[in-house]
Amino acid sequence: MPQKTQLDNRSQHTSADGGPGPPAPIFGLTETRSELEWPAIAGMPTKPILAIYPGSFDPVTNGHLDLIERGAKLFDRLIVAVLRNLDKDPLFTLTERLEMLREVARPWENVEVDVFDGLLVDYARKRNAQVLLRGIRAISDYESELQMALMNRKLEPRIETVFLMPAESYSYLSSRLVREIARLGGPIHGLVPPAVERRFRAKVR
Ligand code: ADP
């Protein structure tokens, strides 16, 4: 008799009235799937998931790093994609932002750092990514992130946006605030990786 695995729980399915039979529909699915289809679903998708984490990263902070770490664990591959053309003048040049990101992302073998411009969904399609990763710190992020995610979904319905929350201690941290503190001569230790702290010291004199 074939060994029963943890994932193969077909015999545990019950019909809506509690008797043996096909599993009850879940999450509003109106069709029940045949017994034969269930193991593939229970076994989870085997397709490797490539996610893109886009942003300006001017500069990368410990909040971004927290998200990179979570993303690297969750997805098979993660591309940190730096936006080339910012509306406003960045403090750090594109080359500097890339160098800092590459240095801090080195510990993760499945993380790549790249540049993009133009529409994010075009870049995601070009890279064959299935997921866009974004961070939500507070309710204030939610509105603009939701708008962006829904617009991206309209442009490319096959790509999902996934939101992750950083550790609480990074929920108030933004590149803009770090730049402001550094400009006014305040301490940025613990807010950015040491490599970024060094760059700040050289730049903000
Ligand atoms: P953008 O200009 O696209 O918002 P950022 O570099 O500021 O680029 O941020 C990139 C992404 O990282 C955004 O989804 C942002 O919400 C997220 N993020 C920024 N700072 C933090 C943080 N401290 N914790 C979690 N996510 C963050």
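One table, with the values for the structure above:
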{"quantity": "Unmet requirement for Glu168, which otherwise passes all of (1) surrounded by 12 or more Cβ atoms within 10 Å (Cβ to Cβ); (2) within 11 Å of the ligand (Cβ to nearest atom); (3) of a type in the set (D, E, K, R)", "calculated": "(1)"}
{"quantity": "Flag if Gly186 is assigned to a loop (DSSP other than H, G, I, E, B) and more than 16 Å from the ligand (Cβ to nearest atom)", "calculated": "yes"}
{"quantity": "Among residues of the stretch 146-165, those that are among the β-branched types (Val, Ile, Thr) and more than 10 Å from the ligand (Cβ to nearest atom), counted", "calculated": "2"}
{"quantity": "Helices (runs of 4 or more DSSP H) contained entirely in the stretch 66-179, each with at least 1 residues that are within 24 Å of Pro194 (Cβ to Cβ)", "calculated": "94-105"}
{"quantity": "Filtered residues of the stretch 125-151 (kept if under 27 Å from Thr93 (Cα atoms) and not hydrophobic (A, V, I, L, M, F, W, C))", "calculated": "Arg125, Lys126, Arg127, Arg134, Gly135, Arg137, Asp141, Ser144, Glu145"}
{"quantity": "Filtered residues of the stretch 124-165 (kept if under 26 Å from His189 (Cα atoms), surrounded by 15 or more Cβ atoms within 10 Å (Cβ to Cβ) and not hydrophobic (A, V, I, L, M, F, W, C))", "calculated": "Arg134, Gly135, Arg137, Asp141"}
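Just so you know, all these numbers are worked out from the coordinates, no wet-lab data involved. Because the structure is a prediction, the values reported are computed rather than measured. Cβ atoms come from the backbone with ideal geometry, glycine included; neighbour counts cover every protein chain shown.
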